[in-house]
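Participant: One structure, pasted below without further comment.
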């Protein structure tokens, strides 16, 4: 991005693609600085409309899948294949990869593995948890930087710049949040694959261990009503606050100092 001075006015031009140059305007931030912003051009507006339509369509597919499928029935079918490893392994892999399309919690599959194999299944369940979070992350990395998702990516980059990539993602995973929106946000924010995998593994580990141990304690396989108890949810949320609170507070103090001039 090059800056060209003409008299007392400044303009910014994008020299990467002269045929698709978008003019920028200037606005004053809270600290009194003049910064460039991208105006609401027709291209940006069209990109936003496409993104909203795609998000609504995908959300409809996920909602339909969640309403028309039963995790208990799917787990029962997978359990029936457990005695045939040649069929169970690919079926379990498919379950992890397709889980985002039906918005089931990852703990459904963790409970199954715990019921079948006990605590020794934790490494497999953790690898599956990372795998099932990856499709949303990869999809977001292919999303353009224009429109609404571009602004969301800017906000995410600001968050991870304050917390650090691995620390920020670990804290988000510790919170009782749906895993796929977190994965999508990480992809929009430009996290590298290695940091995404590490942050996801660290943050999902307590949830996975809990699911596997719950499954190992069951006498009859079922996922209805099985989940992390309120004490665990509160404890992990508090841990997430400890992980994220310090960096975010320092970032807030820095911005406050810039806005007040101190």
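The numbers here are math on the coordinates, done by the rules we state, and not lab data. Nothing here was measured: the structure is a model prediction, and the numbers come from that model. When we count neighbours, we look across all protein chains shown, and the Cβ atoms used for this are built from the backbone with ideal geometry, even at glycine.
Participant: Considering Cα pairs under 8 angstrom that are at least six residues apart, work out the relative contact order of segment 73-164 and quote it in whole percent.
Facilitator: On the way: 44 pairs, mean separation 21.5, N = 92.
Taking the mean separation of contacting Cα pairs over the length of segment 73-164, I get 23 percent.
Participant: Could you sort 159-166, 238-245 so that the peptide with the highest average Cβ count within 10 Å comes first and the rest follow in order? List each step's numbers first, then the result.
Facilitator: Details: 159-166: 18.9, 238-245: 15.8.
Descending packing order for the listed peptides: 159-166, 238-245.
Participant: Determine, for 133, 205, the number of other Cβ atoms within 10 Å of each Cβ, and report the residues in order from fewest to most. Walk me through the numbers on the way to the answer.
Facilitator: Numbers: 133 28, 205 18.
Listed from fewest to most nearby Cβ atoms, that is 205, 133.
Participant: Further question on the same structure: Neighbour counts of other C-beta atoms within 10 Å: give me 217, 110 arranged from fewest to most. Provide the component values of the computation, followed by the final result.
Facilitator: Details: 217 12, 110 29.
By the 10 Å Cβ count, ascending, the order reads 217, 110.
Participant: For residue 250 and residue 103, what does the FRET efficiency come to when R0 = 45 Å and r is the distance between their Cβ atoms, rounded to the nearest 0.05? Working shown, then result.
Facilitator: Details: r = 35 Å, r/R0 = 0.78.
Calculated transfer efficiency: 0.80.
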